[in-house]
């Protein structure tokens with residue numbers, strides 16, 4: 001499947017994408033596209049390590065990673081984060097509106113089965129789930145993976161929800177290397193260690209070699225940039241004693257992601273040195 005062509009075709013037909021009920025087969029045929037419908041190809045998506053949950057029809061898209069079923073249940077796609085669409089006075093994130101339209105095309109009107117791989121509800125009582133829909137050919141589409149493939153979202157995990165993260169990373173890497181979707185926007189660039197100081201607030205991806213690994217008798221961990229310009233990983237108890245700990249060594253190149261934090265300045269403002277505060281191993285990738 002030519003993913004770039006697929007995305008461009010969808011986004012060029014906003015009137016169709018804004019409709020909650022349209023014939024996808026007619027839409028694709030009218031577009032003169034030979035691109036296969038999502039999920040076609042016959043290979044079933046993995047549901048191992050997941051627990052089956054609710055079933056319903058996707059009735060409304062709230063964002064590029066959130067929707068509502070016809071039962072009224074609000075769903076947040078686990079393991080991913082899409083750019084935000086505009087809301088009230090808040091402008092849309094780059095590619096936020098497009099991500100919402102992509103999920104609309106892939107999901108609205110389709111039968112959906114939820115599966116859980118960790119915490120099942122967030123503080124807003126939304127289901128945190130892996131969602132599988134059935135397309136018009138009877139094939140299964142894993143929405144979490146599909147949004148990553150289309151560049152409509154990035155991988156983002158929490159300590160209580162990391163199922164299938166390694167598989168999602170593989171698809172994210174392919175989309176990023178091809179500058180698909182949000183990856184065509186510089187706001188989502190992967191930072192080098194030396195560029196971390198200029199990173200804005202929010203989720204950040206940093207890639208570089210590790211020159212120091214240490215452990216401390218504290219709960220929190222941090223990944224910072226040393227004077228050598230390389231990454232220094234200080235593991236607190238949560239990472240050091242985790243059963244999910246990966247075999248990480250000095251000299252390896254890694255990619256790590258979390259929200260940016262900053263040290264407090266003498267004047268009391270958190271505008272000092274930038275660092276990451278990972279709290280689970282699902283936030284780490286070893287770059288081969």
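Tell me which of these residue 172 doesn't satisfy, since it passes every other one: (1) outside any loop (DSSP other than H, G, I, E, B); (2) touching a residue at least 60 places away in the same chain (Cβ under 8 Å); (3) within 14 Å of residue 283 (Cα to Cα).
(2)
Does residue 239 meet the test of being in contact (Cβ under 8 Å) with a residue 12 or more places away in the chain, part of a helix (DSSP H, G or I), buried (at least 18 other Cβ atoms within 10 Å of the Cβ) and within 24 Å of the chain's Cα centre (by Cα)?
On the way: in contact (Cβ under 8 Å) with a residue 12 or more places away in the chain: yes; part of a helix (DSSP H, G or I): yes; buried (at least 18 other Cβ atoms within 10 Å of the Cβ): yes; within 24 Å of the chain's Cα centre (by Cα): yes.
Yes: the conditions hold for residue 239.
Step by step: first the residues of the stretch 274-288, then only those that are loosely packed, with under 15 Cβ neighbours inside 10 Å and in contact (Cβ under 8 Å) with a residue 40 or more places away in the chain, then the one that is farthest from residue 189 (Cα to Cα). Which residue is that? Can you show your working first?
Initially, the stretch 274-288 is screened for residues loosely packed, with under 15 Cβ neighbours inside 10 Å, giving 286-288.
Within this subset, residues satisfying the condition of being in contact (Cβ under 8 Å) with a residue 40 or more places away in the chain are 286-287.
Values: 286: 18, 287: 16 Å.
Among residues in the stretch 274-288 that are loosely packed, with under 15 Cβ neighbours inside 10 Å and in contact (Cβ under 8 Å) with a residue 40 or more places away in the chain, the one farthest from residue 189 (Cα to Cα) is 286.
Can you pull out every residue in the stretch 119-145 that is buried (at least 20 other Cβ atoms within 10 Å of the Cβ) and either free of Cβ contacts under 8 Å to residues at least 60 places away in the same chain or in contact with a helix residue (DSSP H, G or I) (Cβ under 9 Å, 6 or more places away or on another chain) (or both)?
128, 129, 130, 131, 132, 133, 141, 143, 144, 145
Against the condition surrounded by fewer than 15 Cβ atoms within 10 Å (Cβ to Cβ), farther than 19 Å from residue 198 by Cβ and in contact (Cβ under 8 Å) with a residue 40 or more places away in the chain, how does residue 254 come out, does it pass?
So residue 254 fails the test.
Looking for something farther than 30 Å from residue 204 by Cβ, at pLDDT 70 or above and exposed (fewer than 15 other Cβ atoms within 10 Å of the Cβ) - is there at least one such residue anywhere in the stretch 35-51?
Looking for residues that are farther than 30 Å from residue 204 by Cβ, at pLDDT 70 or above and exposed (fewer than 15 other Cβ atoms within 10 Å of the Cβ), one finds at least one in the stretch 35-51, hence yes.
Sort through 98, 134 and tell me the only one that's more than 28 Å from residue 278 (Cα to Cα) and touching a strand residue (DSSP E or B) at 6+ places or on another chain (Cβ under 8 Å).
Selected residue: 134, the only one of 98, 134 that is more than 28 Å from residue 278 (Cα to Cα) and touching a strand residue (DSSP E or B) at 6+ places or on another chain (Cβ under 8 Å).
Quick one: residue 100 ticks every box in (1) under 21 Å from residue 155 (Cβ atoms); (2) assigned to a loop (DSSP other than H, G, I, E, B) bar one, so which box is it?
Going through (1) under 21 Å from residue 155 (Cβ atoms); (2) assigned to a loop (DSSP other than H, G, I, E, B) one by one, residue 100 breaks only (2).
Suppose we filter 227, 271, 244 for residues that are exposed (fewer than 13 other Cβ atoms within 10 Å of the Cβ), outside any strand (DSSP E or B) and touching a helix residue (DSSP H, G or I) at 6+ places or on another chain (Cβ under 6 Å); which single one remains?
Among 227, 271, 244, only 244 is exposed (fewer than 13 other Cβ atoms within 10 Å of the Cβ), outside any strand (DSSP E or B) and touching a helix residue (DSSP H, G or I) at 6+ places or on another chain (Cβ under 6 Å).
It is to be established whether one or more residues within the stretch 85-98 are under 13 Å from residue 143 (Cα atoms), buried (at least 23 other Cβ atoms within 10 Å of the Cβ), touching a residue at least 12 places away in the same chain (Cβ under 8 Å) and assigned by TED's automatic domain parsing to the domain that holds residue 139.
no
I'd like to verify a number: residues in the stretch 182-224 that are in contact with a helix residue (DSSP H, G or I) (Cβ under 6 Å, 6 or more places away or on another chain) and either surrounded by 13 or more Cβ atoms within 10 Å (Cβ to Cβ) or outside any loop (DSSP other than H, G, I, E, B) (or both), how many?
The qualifying residues number 7.
May I ask you to list the residues in the stretch 69-94 that are part of a strand (DSSP E or B) and either more than 16 Å from residue 123 (Cα to Cα) or more than 19 Å from the chain's Cα centre (by Cα) (or both)?
Once the filter is applied, which keeps residues that are part of a strand (DSSP E or B) and either more than 16 Å from residue 123 (Cα to Cα) or more than 19 Å from the chain's Cα centre (by Cα) (or both), the stretch 69-94 yields 69, 80, 81, 87, 90.
The values are calculated or read from the model by the stated rules, or taken from the named source; none is laboratory data. Bear in mind the structure is a predicted one, so any value in this text is a computation, not a measurement. Glycine also receives a Cβ, built like all others from the backbone with ideal geometry; neighbour counts cover every protein chain displayed.
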